[in-house]
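Scroll down for the structure; my scribbles are underneath it.
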Amino acid sequence: MKRLRIGLQTARLEYGYGVKLWQGALISAKQRDADLIVFPGRNLNSPHGYDYQYNSIFSLMNLENIDSLILITTLISNYVDKEELNKFRMRFSDLPIISVGARIENTPSILIDNRSGIRDLVRHQIEVHGAKRIAFIKGPENNWEADERYQAYKLELEANGIPFDERLIGNGDFTSHSVAPAIEKILNSNDLLPEVFMFANDEMAIHGMRLLREKGIDIPGDTSITGFDDIHEAASQSVPITTVSQPLAEMIDRAVNLAVELAQGKESPFETILPTHAVIRSSCGCIAHCVNDVVSIRKNQFIKDDKEDVCSQVLKILDKYHFENYSDKNTRRTNVEQVIRKIISLSSGNENETAEEKDIYSFFNFFSRILMEEASQELPPEHWEIPLSILSELVNSSRATDIMLDQFRFLLRACAVLTLDSALNMRVANHFEFERIIERIHDLEYDISSVVDLNSLIQILVRKLPSVGINTFMLSKYKTDWEQKRDDEWSELPDLKCVASMCDSSEMNTLELNDSGALKWISSPGRSENDRSRAFVIYPLFFRENHYGIIAYELSLQSGFIYESLTTQISGVLKRIFLYDAKDKAEQGLRQAMRDLEIFNAQLSQLSITDELTGLFNRRGFMKMAEHSSFLARQMGQSSMLIFADLDKLKKINDTYGHDEGDWAIKTVSEALKKTFRSNDVVARLGGDEFTVFATNMKEELLPRSQARINDFLKQKCAGKQKEYQLTISIGHVICPVNESLSIEEYMQIADSRLYEQKKKKHAGS
C-alpha cells in the first residue's frame with residue numbers, strides 16, 4: 001500500500017514559532033506512518049530582498065508529489081489580504097488543504113483565539129500594574145490576525161474605562177524591520193513614556209526591547225514589554241518576555257491528523273478554534289501566574305493530612321500553565337506526578353510505606369533516572385523549576401511541624417540541585433554538539449570553496465553531509481537556464497533532472513542518471529518490511545535572479561540553521577560552477593563574479609561575528625573568541641580578566657547632537673579600546689553603549705592606568721574635533737582565576753554589576 005505524503009508549507013526553519021510547528025509536524029507524521037515534505041518559503045508579496053525566490057518551490061506542491069497540504073498561513077500572509085490569500089489557495093485547488101492560523105474560504109482551518117490572549121494581557125497590565133498608558137505596536141495592515149489582536153486591545157481598554165489614544169499606536173508588520181519607526185513615532189508623540197509597550201508578536205517584542213534599552217530605557221523598571229506567540233527566543237531573553245501562548249503542539253498534531261483523513265477521503269470539520277492564554281514573565285515585573293495561583297490551595301492541612309488533594313491541585317495548576325507547552329505532555333505530566341507524590345510521601349513519614357520508599361537516596365536515584373529519560377527525549381530539565389517553585393510556595397505557607405518542613409525544604413533543594421546539574425549537562429552537550437556541527441559545516445564550506453565542476457561538488461556532499469547529520473539527500477538541476485524576476489513569481493518551473501542522490505549514507509545516483517521526475521524518488525510507491533516513513537525539506541538553489549535547481553535533505557529534529565546555511569553555500573558554489581562553464585564566452589564576467597562571490601562569502605562570515613558600526617566583535621563573536629582564549633589561558637595556568645565598559649551619557653549626546661554624533665562617539669570609544677589593549681585581547685561591542693574586553697594574563701593593578709589612558713585618548717579626540725562635550729567611560733571588571741569554572745556569561749554578569757556600582761558612585765559624586 002502506498003504511504004501517504006503530507007506537504008507542509010512553512011517559512012524559515014531556524015527561528016520563531018514556526019520551529020515548533022515543523023518539528024511537531026515531523027513527530028506527528030512519523031506517528032501516523034506518513035511521509036512529510038516541507039516547503040520553507042517566505043511571505044507572499046514580501047518587499048524584502050530576494051524573499052520571493054524562495055517561493056518558487058511552491059510550484060512543487062501538487063498531487064504528483066504530495067497527497068495533502070498543510071499551509072501555515074500565518075507565516076506567509078503578512079503582506080496579503082484575505083482575497084489574495086484565497087487566490088493563493090486556489091492555485092492548489094486539486095489538493096486537500098488545511099490552513100493553520102488563518103481562515104480560508106471552503107478550507108478546513110485550525111485557528112487560535114487571538115482576542116482572549118491579548119485581552120488577558122491588557123487586563124493584567126491594568127489590574128495588576130495599574131497601567132493606563134498602554135502602547136500597542138500593530139501587525140501588518142489587512143492581516144486578520146493582526147487586526148484581531150489590535151481590536152482586542154481596544155475592546156479591553158474600553159471595558160476598563162481607559163480612553164483610546166492614537167498617539168500610543170505604532171504600525172508594525174510582524175517583522176523586526178518595522179519596529180524602530182513604530183517606537184520612534186510613539187516616543188515622539190507622547191510627553192510621558194508609556195507604562196507598557198505591547199507588540200503584536202514576539203519577534204517585534206524582542207527587537208523592541210533591544211531598541212528601548214539602547215535608548216537607556218530600563219525594562220521592566222521604566223516600562224513593560226509584552227509579545228504574542230511564546231516563541232523560544234522570547235523566554236530565553238535576559239529579561240524573559242511576557243507573552244501569549246498558543247497550543248502549537250495541539251495545532252500541528254490536529255493539522256497532520258486532518259491531512260491524513262482528507263487524503264483518505266474522509267470528512268473533516270471546517271473550523272477549529274483553540275484557546276490562547278497569557279504567559280506572565282519578568283518583562284512586566286511579575287512572577288509566573290502559576291505561582292500566584294498557588295494561594296488557592298488549602299494551606300492548613302498540607303502534607304500531613306491531605307497529600308492526595310494537594311497533589312491533584314498542584315497538577316491542576318500545571319495542566320493549566322505548564323504541560324501544554326510540550327508535544328509529549330503526557331510523559332512529562334506522568335513523571336512530574338510521580339516525583340510530587342514521592343516528595344510528599346517522604347516528607348509526611350507515612351507508616352505504611354516501605355523503608356526503600358522512605359529512603360532519600362533511593363528518591364535521588366529515581367529523580368535522576370527521570371531527568372535522564374527526559375533528556376533523551378529532548379525535554380528541557382530546567383522546566384522542573386515551575387513544579388518545584390509551586391511546592392516551595394506551598395511549604396512556606398504550611399502548618400506542618402518544623403522537622404517536617406525542614407525535611408521538605410531539604411528535598412526541594414536537592415531536587416533543584418539535580419535539575420540544575422541535569423540542565424547544565426544537557427546545555428553543555430547540546431552546545432558542544434552544535435559547535436561540532438558548525439565546525440563540520442565550515443569544513444565542508446572550505447572543501448567546496450574551490451570547486452569548479454558539479455561532479456566534485458557532489459562527491460564532497462556525499463562524503464561530508466553525514467558528518468552534519470544528513471544521511472539522505474537529493475540534488476536536481478534545471479534542464480534549462482532560468483531567471484526569476486519579482487513580477488513573475490508564479491511562473492512554471494522548468495523540467496528538473498536528478499543529478500545526485502544519497503540514501504542512508506549510500507550513494508544511489510550519479511550524473512549519468514536521467515530522472516525528470518525529480519521528487520518521485522523522495523517517497524517510494526510502496527512499503528517493504530525495511531521501509532520507514534521519511535521527512536524531507538525542499539530548498540531552491542539560486543543566486544539573486546538565477547535559479548539552478550532544488551535540493552532535498554532528509555529532515556530530523558536538529559537545528560534548522562544547518563539546512564538554511566548549507567543551501568546558501570551550495571547556491572553560491574553553483575553560481576561559480578555555471579559561470580565557470582561559460583568562461584569561453586564571458587571570461588571577464590566570470591572573474592568579476594568570482595570576486596563578488598568571494599567578497600560576499602567573506603562578508604557573510606565576518607558579519608556573523610562582527611559589529612557593523614565599529615568593526616569590533618559582536619556578542620556572538622565575543623562569546624566564541626573569549627571562550628577560546630579562556631580555554632588556552634587555563635591550559636597555560638594563567639588567570640584572565642573580563643572587563644565591562646560603558647560609554648557615559650550616550651543618550652544625552654544622541655538627544656542633543658543627533659545619532660550621527662552618537663555613532664562618532666561609539667566609534668571613538670572602540671578606537672580607544674583597540675589602542676589600549678593588546679592585539680591578542682578580545683574587544684567587543686555588545687550593543688548600544690556597552691563594550692567588553694577579555695584579557696589574558698593581565699595584572700589587576702594595571703587596569704586604572706588603562707582606564708586613564710582610554711579617557712586621555714577620548715579627551716584628546718574631543719579637543720581635536722572641538723567637541724562641546726567630553727567622552728568618558730565607566731568600567732567594571734572581574735578576575736577569572738585558573739581554578740574557577742564559571743562560564744563567560746557568569747563572569748559578564750559579575751563585571752556588569754561592578755560597572756553599575758562604579759556608575760552609581762559617579763552619579764553620587766556629580
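Just so it is clear, none of the values below were taken in a lab; they were calculated from the coordinates. Quick caveat: nothing in here was measured; it's all calculated off a predicted structure. All Cβ positions, even for glycine, are placed from backbone atoms using ideal geometry, and neighbour counts span all protein chains on display.
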Problem - Per-peptide average of other Cβ atoms within 10 Å, ordering 24-36, 696-708 highest first - result: 24-36, 696-708
Problem - In segment 620-684, the GluC sites (Glu not before Pro) that fall in loop regions by DSSP, at most 10 other Cβ within 10 Å - result: none
Exercise for the section: Starting with the highest mean, order 179-188, 63-72, 562-571 by the number of other Cβ atoms within 10 Å, averaged over the residues of each peptide. Expected result: 63-72, 562-571, 179-188
Fill in the blank from the handout: Put in order of increasing Cβ neighbours within 10 Å, starting from the fewest, R634, R281 give R634, R281
Practice task
Would you mind getting me the FRET efficiency between K652 and E701? Use the beta-carbon distance for r and R0 = 30 Å, nearest 0.05.
Solution key: 0.40
Handout entry: Efficiency of FRET between S59 and S743 - r from beta-carbon atoms, R0 51 angstrom, step 0.05
Key = 0.60
Practice task
Count the net charge of all other residues whose Cβ sits under 12 Å from the Cβ of S639, scoring Lys and Arg as +1 and Asp and Glu as -1.
Solution key: 0
Completion exercise
Pseudo-spin-label distance Y361 to E661, built 7 Å along Cα→Cβ, given in nm, is 7.1
Exercise for the section: Quote to one decimal, in nm, the extra length available between S189 and S93 on full extension: 0.36 nm per residue of separation minus the C-alpha distance between them. Expected result: 29.8 nm
Completion exercise
Full extension between K82 and R413 adds, at 0.36 nm per residue less the Cα distance, a length in nm of 113.8 nm
Completion exercise
1/(1 + (r/R0)^6) with r = Cβ-Cβ of H232 and D712, R0 = 51 Å, i.e. FRET efficiency to nearest 0.05, evaluates to 0.65
Problem - Along principal axes, Cα extents of segment 114-246, largest first, whole Å - result: 34, 33, 29
Problem - Length added when fully stretched, K266-L557, from 0.36 nm per residue minus Cα-Cα - result: 101.8 nm
Completion exercise
Answer check: segment 619-765, Cα atoms, Kirkwood Rh, Rg/Rh ratio of 0.98
